[in-house]
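Got a structure for you, written out below as structure tokens; questions coming shortly.
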Amino acid sequence: MGPKLDFSVVYDAFPTLLWGCLGTFQLALSGMALALAIGIGGVIARDSRWAVPRIGTKAFIEIIRNTPFLVQIFFLFFALPGLGVRLNPTQTAIIALGVNGGAYAIEIIRGGVQSIHKGQTEAGLALGLHKAQVFRLIILKPALRAIYPALTGQFIMLTLTSSICTSVAAYELTSVAQRIESDTFRSFEVYFTITLMYLAISWIMMTGFAVISRRYFSYPTR
């Protein structure tokens with residue numbers, strides 16, 4: 001006869017798990033905002049006429065994309081204090097998520113930018129727009145429309161990656177679940193529940209991204 005399941009411990013701790021979900025959302029949304037800023041800035045630097053920002057951006061992308069996220073967050077939390085830089089767990093998690101996601105966002109956004117025909121850029125310059133205006137008004141929005149599914153997919157993956165931030169004691173769903181499991185020893189019930197919660201988080205984010213896509217990136221209809 002198998003062990004008896006007892007989900008009462010999950011029921012009792014459910015408000016705490018919901019707070020953990022909010023912590024995950026906080027880390028994920030902050031990390032996404034930072035990743036998007038790094039992505040856009042990295043695209044500009046990646047295609048700069050000067051060698052230093054081009055080489056620096058390429059090196060950044062290769063380093064981040066070819067090292068584990070766990071090592072990156074450990075470096076920020078445990079190694080930087082040796083240089084006099086101390087971050088709390090939440091700051092560490094947000095920066096690590098933003099930097100990791102930003103390295104991927106640079107290449108995704110750059111692919112979208114390169115899909116825009118050069119004639120549109122030349123037309124914008126001919127109308128008297130500055131290069132920054134051309135990039136923001138003529139290039140960026142069509143590029144984001146083209147790469148929106150890939151970019152949002154990466155952001156959802158970043159949200160799920162936030163579970164690793166429990167390794168530096170950041171407050172999020174997995175860290176809350178670990179504390180509940182250590183107090184109750186009901187591993188199956190706790191981790192089965194947060195599995196469903198992560199599915200719900202992914203669904204909520206996909207729904208939100210779909211709404212944004214329809215509102216800002218859909219093509220006009222007749």
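The values are calculated or read from the model by the stated rules, or taken from the named source; none is laboratory data. The shown structure was predicted, so the numbers you read here are calculated from the model rather than taken from an experiment. Cβ placement follows ideal geometry from the backbone for every residue including glycine, while neighbour counts extend to all protein chains displayed.
Can you give me the ranges of the helices (runs of 4 or more DSSP H) entirely in the range 66-130 with at least 2 residues that are more than 24 Å from Thr152 (Cβ to Cβ) and not hydrophobic (A, V, I, L, M, F, W, C)?
89-114, 118-126
Give the residues of the range 18-29 that are surrounded by fewer than 18 Cβ atoms within 10 Å (Cβ to Cβ) and either under 15 Å from the mean Cα position of the chain (by Cα) or touching a residue at least 40 places away in the same chain (Cβ under 8 Å) (or both), sorted by residue number.
Passing the criteria: Trp19, Phe25, Gln26, Leu29.
For Thr90, are the conditions met, namely being among the polar types (S, T, N, Q), in contact with a helix residue (DSSP H, G or I) (Cβ under 6 Å, 6 or more places away or on another chain) and crowded, with 17+ Cβ neighbours inside 10 Å?
no
Sticking with this structure for a sec: Just to be sure I understand the filter: pairs with C-beta atoms under 7 Å, separated by 6 or more residues or on different chains, first member in the range 152-180 and acidic (Asp, Glu), second member surrounded by 19 or more Cβ atoms within 10 Å (Cβ to Cβ). Which pairs pass?
Glu172/Gly20; Glu172/Gly23; Glu172/Thr24; Glu172/Leu27; Glu172/Ser162; Glu172/Cys165; Glu172/Thr166
Being basic (Lys, Arg), more than 25 Å from Trp203 (Cβ to Cβ), assigned to a helix (DSSP H, G or I) and touching a residue at least 40 places away in the same chain (Cβ under 8 Å), is that true of even one residue in the range 37-48?
yes
Being touching a residue at least 40 places away in the same chain (Cβ under 8 Å) and surrounded by 14 or more Cβ atoms within 10 Å (Cβ to Cβ) is the filter here, so list the residues in the range 181-197 that pass it.
Those that are touching a residue at least 40 places away in the same chain (Cβ under 8 Å) and surrounded by 14 or more Cβ atoms within 10 Å (Cβ to Cβ): Thr184, Arg186, Glu189, Val190, Thr193, Ile194, Met197.
Scanning for something over 29 Å from Ser213 (Cα atoms) and modelled with pLDDT under 80, does the range 128-137 turn up at least one residue?
Scanning the range 128-137, I find at least one residue that is over 29 Å from Ser213 (Cα atoms) and modelled with pLDDT under 80, so the answer is yes.
In the list Gly102, Gly111, which residue meets the criterion of being buried (at least 21 other Cβ atoms within 10 Å of the Cβ) and either in contact (Cβ under 8 Å) with a residue 24 or more places away in the chain or among the hydroxyl-bearing types (Ser, Thr, Tyr) (or both)?
Answer to the check: Gly102.
A quick yes/no check of all residues on (1) of a type in the set (D, E, K, R); (2) touching a helix residue (DSSP H, G or I) at 6+ places or on another chain (Cβ under 9 Å); (3) closer than 28 Å to Pro149 by Cβ:
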position: Glu62; (1), (2), (3): yes, yes, yes
position: Asn66; (1), (2), (3): no, no, yes
position: Phe78; (1), (2), (3): no, yes, no
position: Gly82; (1), (2), (3): no, no, no
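Also: Test of understanding: among Ile138, Ile108, Ile116, Ile95, which residue is in contact with a Pro (Cβ under 8 Å, 6 or more places away or on another chain) and either over 30 Å from Asp6 (Cα atoms) or of a type in the set (D, E, K, R) (or both)?
Ile116
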